[in-house]
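Take a look at the structure set out below.
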Amino acid sequence: MSSLDVKYTQNTLNRSILDRQIYWYDNKHTHDATRDIEILTNRWKHLLHHNGAVKGNLVTISMFTVDMIHVSAIFACAEMGLKIIILDSPATKESLPYTKLALHGPSDFYLHHDDNYMSAYGGLHGEMLRRYGGKSVSVEDLDDMPFEDLVTDEVYPDDPLLMSSTSGTTKPSRPVLFSHKEVMTISRRNVDIFKFDENSKVVHSRNLHHASAMLTSLIPSLMASNHHLTFPLSHANPITEHRRDMGFYRRLREDEYTHIMIANKHTLMDFLETYQAPFKSKLHINMCGFALDQSFVELAEKYNVSFHSHYGSIDTAIPLLVNFVDKDSVVKDNSLGILPDDFYQLNGDEVTCELWDEPRYIEDQLKYKDGEFFIKPRKENTGRYIMEITRGLDIDIDLFFQDTKLNYEQLRGHIQEVKKEYDKS
């Protein structure tokens, strides 16, 4: 059995999915990355062990750019049997106790860069980590660690790997754990869904802001594709930091990259308008969480792109439905697309999958017609509902928008804390 066959049958995540030659470009150099990631993974394992990490600990990977250091940290955690918790962005000081890390942590360790990253979101990111992140483990200490591998406890397919959580839109957020087997099985499926192959050139733009970033983009592309580019895109101010350095765009044009994940339409438009010209090779854009409209067909033709918009929920399917849109598509209002394969079965609000012992249920109301699924918008996503819950309060709602929707968990928490202070006075 070849290493490629092993990659597609193994049920634990480790660096063996990179058992081939891959290349990584970071806007300064193209790295012959397989050996570099192996050494970095070993050093992360030594650094975590040096700080007392043991199998089962909860770890926060607080690094904004998805580069070789970031990827090797994921492999190190996976190979040591650690659990990785997904973060959201802190909106306000009052909402800090209602962030994912606060609600579902605290974590035992947080892995991070220097203090420049801790100052993100007006210093709230660093404050969140100091309160709820556990012990600080700095990237800057990696160079002092040995580069040989470290033997640790054995990891099994049913061991938990990824801790995400429900959105908290309609009811309190609850944690959702993915085992190694689930991460590998879902990621293998998504290689084909999102059209990755060995010739794909993949732009890594989104950190672990959501499980979908890991399961629809990062791990599937690492399984299949040989060329990778680090290109961070924030959901809030996506391109601003790169306007003075168009090296990323030159690289996209000259090397003809084929895949990228973009959080929302605001980020998408900033990205396309900064690039300005059609891409030489078609760029597949991974977008999630909302129905596309006919304007995306026009964008697809103007810029030589296609869209893979996908719908699901963290506790049911990643993704359940996919809407493939290119320049020749006809987009129907509120369409979420199709069931792309038979991995999940959908009957009304009931979802079944071979990974689960019993059915799971989606909260949205879907309608099936002529092979497509259509969504009825939730009242929580309407301007009227937002006005109702914030009436009489001086709140900057924009602070609570993250990726494609409002972070209701933090918004409700912010309102609760503000009202507490008001009652005291």
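The values are calculated or read from the model by the stated rules, or taken from the named source; none is laboratory data. Since we're looking at a predicted model, the values are computed, not measured. In this analysis, Cβ positions are derived from the backbone assuming ideal geometry, glycine residues included, and neighbour counts consider all displayed protein chains.
Failed condition for Asp158, given (1) touching a His at 6+ places or on another chain (Cβ under 9 Å); (2) surrounded by fewer than 16 Cβ atoms within 10 Å (Cβ to Cβ); (3) touching a residue at least 24 places away in the same chain (Cβ under 8 Å), with all others met?
Of the numbered conditions (1) touching a His at 6+ places or on another chain (Cβ under 9 Å); (2) surrounded by fewer than 16 Cβ atoms within 10 Å (Cβ to Cβ); (3) touching a residue at least 24 places away in the same chain (Cβ under 8 Å), the odd one out for Asp158 is (3).
Could you check segment 61-114 and list, in sequence order, the residues that are of a type in the set (Asp, Glu), under 22 Å from Val176 (Cα atoms) and in contact with a helix residue (DSSP H, G or I) (Cβ under 9 Å, 6 or more places away or on another chain)?
Glu79, Asp88
Among the residues of segment 118-159, write down those that are β-branched (Val, Ile, Thr) and in contact with a helix residue (DSSP H, G or I) (Cβ under 9 Å, 6 or more places away or on another chain).
Filtering segment 118-159 for residues β-branched (Val, Ile, Thr) gives 137, 139, 151-152, 155.
Within segment 118-159, Val137, Val139, Thr152, Val155 meet the criteria.
Among what's in segment 161-181 and is under 24 Å from Thr99 (Cβ atoms) and in contact with a Pro (Cβ under 9 Å, 6 or more places away or on another chain), pick the residue that is surrounded by the fewest Cβ atoms within 10 Å (Cβ to Cβ).
Applying the filter and picking the extreme gives Leu177.
Got a sec? Which of Pro146, Pro172 is more than 18 Å from the chain's Cα centre (by Cα) and modelled with pLDDT of 95 or more? Working first, answer last.
Working: Pro172 fails: modelled with pLDDT of 95 or more.
Exactly one of Pro146, Pro172 is more than 18 Å from the chain's Cα centre (by Cα) and modelled with pLDDT of 95 or more, namely Pro146.
Just one of Thr92, Thr30, Thr41 is polar (S, T, N, Q), out of contact with any Cys (no Cβ under 8 Å at 6 or more places or on another chain) and free of Cβ contacts under 8 Å to residues at least 24 places away in the same chain; which is it?
Within the list Thr92, Thr30, Thr41, the selection yields Thr30.
Filter segment 234-266 down to the residues that are touching an Asp or Glu at 6+ places or on another chain (Cβ under 9 Å) and under 17 Å from Phe401 (Cα atoms), then identify the one that is modelled with the highest pLDDT.
Taking the candidates together, the pick is Asn264.
What number goes with the only condition from (1) assigned to a helix (DSSP H, G or I); (2) at pLDDT below 95 that Met128 does not pass?
For Met128, the exception is condition (2).
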